[in-house]
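Peer 1: Got a structure here, written out as structure tokens. Questions coming.
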Amino acid sequence: QLQLQESGPGLVKPLETLSLTCTVSGDSVGTTDYYWGWIRQSPGRGLEWIGSVFYTGSPYYNPSLKSRVTVSLDMSKRQFSLELKSVTAADTAVYFCAQTGRGLLHFDWFAYWGQGSLVTVSS
Amino acid sequence: QAALTQPASVSESPGQSITISCTATSNDIFYIDYVSWYQQHLGNAPRLIFHNIGKRPSGVSYRFSASKSGNTASLLISDLQAEDEADYYCSSYTRSGTLVFGGGTKLTV
């Protein structure tokens, strides 16, 4: 059974960088068949796609966040990561990591999700 | 304005049916058949219930069905059960290569 688990600080100061890692178990991060992604949910609000990464390491970003986001893949550790720079209170959210279904042309649906990690931006 | 518009909330009695709509605000939001639906119970991660418009992953009840016509995708839930009470989100992979979610619909049974 595939499992994803987010990890990282739960509190980040304004203007600093939010860094989260997602560890995948039960399957190989190095397969050729998947995309991985980050999606966030602000308190009491809806879902927002942040970015995705293909097994080759090619990243794809939400245009509204692109200038501040980096999504990367570390196949040796079976992990993928999110960095969000210059955070503000508006970036306070639950951050989910997720994996798509197998063999997709695009990251159009996520079959597996982590439990989510609450990150609060506050001094 | 969100790229995908959903009603904020809907409610219906157990045993009845309900449809949740998801309307694209522009023509380049829905691309081919890349429309998905997620169910999210309070405090949990979203759960995929449909992809490619109407393809149901294993384990999803047949009481759920999904379709799309023009700029509106729809999720139909029949014979509503108490456990269907949740938030429902549509999403679409767009022609410009991004992923957008609807604002979510809170279903009360």
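Peer 1: Pairs under 7 Å by beta carbon, first residue facing chain A (nearest Cβ under 7 Å) in the range B:84-105, partner of a type in the set (D, E, K, R) and open to solvent by 10 Å² or more (accessible area, probe 1.4 Å), six or more apart or different chains?
Peer 2: B:F101/A:E48; B:G104/B:D87
Peer 1: Find the residue count for the range B:57-95, including only residues that are open to solvent by 40 Å² or more (accessible area, probe 1.4 Å), among the small types (G, A, S) and under 16 Å from B:A2 (Cβ atoms).
Peer 2: 0
Peer 1: Moving to a separate point now. Just to be sure, is A:V53 free of Cβ contacts under 8 Å to residues at least 60 places away in the same chain and in contact with a Gly (Cβ under 6 Å, 6 or more places away or on another chain)?
Peer 2: On the way: free of Cβ contacts under 8 Å to residues at least 60 places away in the same chain: yes; in contact with a Gly (Cβ under 6 Å, 6 or more places away or on another chain): no.
The answer is no for A:V53.
Peer 1: Okay, next question. From (1) touching a strand residue (DSSP E or B) at 6+ places or on another chain (Cβ under 7 Å); (2) under 15 Å from B:N71 (Cα atoms), pick out the condition that doesn't hold for B:D28.
Peer 2: Condition not satisfied by B:D28: (1).
Peer 1: I'd like the full set of residues that are open to solvent by 40 Å² or more (accessible area, probe 1.4 Å), within 14 Å of chain A (Cβ to nearest Cβ) and not aliphatic (A, V, I, L, M), limited to the range B:8-43.
Peer 2: Result: B:S9, B:D28, B:Y31, B:D33, B:H41, B:G43.
Peer 1: Name every residue in the range A:112-121 that is at the interface with chain B (Cβ under 9 Å from one of its Cβ atoms) and open to solvent by 30 Å² or more (accessible area, probe 1.4 Å), in order of residue number.
Peer 2: A:Y112, A:W113, A:Q115
Peer 1: Out of the range A:66-111, which residues are open to solvent by 40 Å² or more (accessible area, probe 1.4 Å), touching a residue at least 60 places away in the same chain (Cβ under 8 Å) and in a loop (DSSP other than H, G, I, E, B)?
Peer 2: A:K85, A:S86, A:T88, A:R102, A:G103, A:H106
Peer 1: Which members of the range A:29-65 meet the condition of being surrounded by fewer than 22 Cβ atoms within 10 Å (Cβ to Cβ) and facing chain B (nearest Cβ under 9 Å)?
Peer 2: Those that are surrounded by fewer than 22 Cβ atoms within 10 Å (Cβ to Cβ) and facing chain B (nearest Cβ under 9 Å): A:R45, A:G46, A:E48, A:Y60, A:Y61, A:N62, A:P63.
Peer 1: Hey, B:P57 hits all of (1) under 12 Å from the mean Cα position of the chain (by Cα); (2) closer than 18 Å to A:F110 by Cβ but one; which does it fall short on?
Peer 2: (1)
Rundown of residues vs (1) assigned to a strand (DSSP E or B); (2) of a type in the set (G, A, S); (3) touching a strand residue (DSSP E or B) at 6+ places or on another chain (Cβ under 6 Å), yes/no style:
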{"position": "B:P57", "(1), (2), (3)": "no, no, yes"}
{"position": "B:S65", "(1), (2), (3)": "yes, yes, yes"}
{"position": "B:A73", "(1), (2), (3)": "yes, yes, yes"}
{"position": "B:L76", "(1), (2), (3)": "yes, no, yes"}
{"position": "B:L80", "(1), (2), (3)": "no, no, no"}
{"position": "B:D87", "(1), (2), (3)": "yes, no, yes"}
{"position": "B:S92", "(1), (2), (3)": "yes, yes, yes"}
{"position": "B:S96", "(1), (2), (3)": "no, yes, no"}
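Peer 1: May I pose another question? Among the numbered criteria (1) away from every other protein chain (no Cβ under 11 Å); (2) aliphatic (A, V, I, L, M); (3) open to solvent by less than 40 Å² (accessible area, probe 1.4 Å), which one does B:L48 miss?
Peer 2: Condition not satisfied by B:L48: (1).
Peer 1: When the range B:43-73 is examined, which residues are found to be closer than 20 Å to B:D28 by Cβ and touching a residue at least 40 places away in the same chain (Cβ under 8 Å)?
Peer 2: The answer is B:N71, B:T72, B:A73.
The values are calculated or read from the model by the stated rules, or taken from the named source; none is laboratory data. A quick note: this is a predicted structure, and the numbers were derived from the prediction, not measured. Cβ coordinates were reconstructed from backbone atoms using ideal geometry, including for glycine residues, and neighbour counts include every protein chain displayed. Side chains are part of the model used for accessible areas, which takes the heavy atoms of the whole protein and leaves out ligands, DNA and RNA. Shrake-Rupley method; radii C 1.70, N 1.55, O 1.52, S 1.80 Å.
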